[in-house]
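Beneath this line is the structure, given in structure tokens, with notes to follow.
The values are calculated or read from the model by the stated rules, or taken from the named source; none is laboratory data. Quick caveat, the model's predicted, so the values are computed rather than measured. Methodologically, a virtual Cβ is constructed for each residue, glycine included, from the backbone with ideal geometry; neighbour enumeration extends over all protein chains shown.
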Amino acid sequence: MAANWKMNKLVREAKDYMAKLLPRVDDTEGEVDVAVFAPFTCLHAVARMTDDKPVLAGAQNLYFEDSGAYTGEVSAPMISDLGAGAVIVGHSERREIFGETDETVARKAARALDAGLLPIVCVGETKEERDAGDMWDKVSGQVRAVMEEIDSPRGHQVVFAYEPIWAIGTGDTASPEDAQDAIGRIRGLLKELAGEEFAGAVRILYGGSIKPNNAAQIMAQEDVDGGLVGGASLDADSFFELVEAARGEVARG
Ligand code: PEP
């Protein structure tokens, strides 16, 4: 279960949140993997607090070069240097607002892997694309672009997140069946591109208005391995409810 704080929280707020969350997740170790994707400004504080805890600290973006004249950018080695172990790549807000392309997203995912960071690669379609019947064209193209840039052995460490753009921050969640349909198809495509072992091992999350009242149904879907959560992750109590929902599904098998 992954929390994406987006552009929220000052350092003090981040520390208070983690102080609330960390004692609770101790109990879930080995059952649910928990990650918190914080803004760069509080990532060091979050990473330090998770040092000896079963929570992965992550960044929300990176640049694919390691250093140089790229004003305002942050590289994979810089993220590792902060003590973080993961990074979100190609979130739809990065693609839609900041013009990231399938090509830059793929390069970022590959660079993250090379630097030992776990990339969570986001894919998903707009409402217009879905209504026009183009959902799979869009999503499969995004997945293919990433898989062409990385090779399969490293690729085991990639996590994909299917996040339909119309469901992000709107309260309009995909139905559990739609989430399963898209994620099942992504897994099928990964099997075709990288083989059965890879497709079976890779984790694929759903993201888009997950809340404590709908998480269990979504997590219960066969191909859904977890959730990437924005709004409902901003409060430590609400995020922990989602961790518990995922844990319930793990227990039910
Ligand atoms: C997200 O930003 O990745 C996300 C899924 O947001 P929300 O849960 O608010 O829809």
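Just to be sure before I move on: is Ala106 part of a helix (DSSP H, G or I), away from the ligand (no atom under 16 Å from the Cβ) and under 14 Å from the mean Cα position of the chain (by Cα) in the structure I sent?
Values: part of a helix (DSSP H, G or I): yes; away from the ligand (no atom under 16 Å from the Cβ): yes; under 14 Å from the mean Cα position of the chain (by Cα): no.
It is false that Ala106 is part of a helix (DSSP H, G or I), away from the ligand (no atom under 16 Å from the Cβ) and under 14 Å from the mean Cα position of the chain (by Cα).
Taking the range 131-154 as the range and being in contact with a helix residue (DSSP H, G or I) (Cβ under 7 Å, 6 or more places away or on another chain) and closer than 23 Å to Gln221 by Cα as the test, the residues that pass are Met135, Trp136, Lys138, Val139, Ser140, Gln142, Val143.
If the condition is being in contact with a helix residue (DSSP H, G or I) (Cβ under 6 Å, 6 or more places away or on another chain) and not in a strand (DSSP E or B), then the range 81-97 contributes Leu82, Gly83, Ala84, Gly90, Ser92.
Of the residues in the range 198-253, how many are within 19 Å of Asn4 (Cβ to Cβ), in a helix (DSSP H, G or I) and among the basic types (Lys, Arg)? Number satisfying all stated conditions: 0.
Restricting attention to the range 221-253, the residues that are within 14 Å of the ligand (Cβ to nearest atom), more than 21 Å from Asp178 (Cα to Cα) and of a type in the set (A, V, I, L, M) total 1. Taking the range 203-213 as the range and being surrounded by 19 or more Cβ atoms within 10 Å (Cβ to Cβ) and either modelled with pLDDT of 95 or more or more than 14 Å from the ligand (Cβ to nearest atom) (or both) as the test, the residues that pass are Ile204, Leu205, Tyr206, Gly207, Gly208, Ile210. For the range 10-29, the count of residues that are assigned to a loop (DSSP other than H, G, I, E, B) and in contact with a Cys (Cβ under 9 Å, 6 or more places away or on another chain) is at least one. Just one of the listed residues (Glu149, Glu125, Glu163) is acidic (Asp, Glu), surrounded by 22 or more Cβ atoms within 10 Å (Cβ to Cβ) and under 20 Å from Ala86 (Cα atoms), and it is Glu163.
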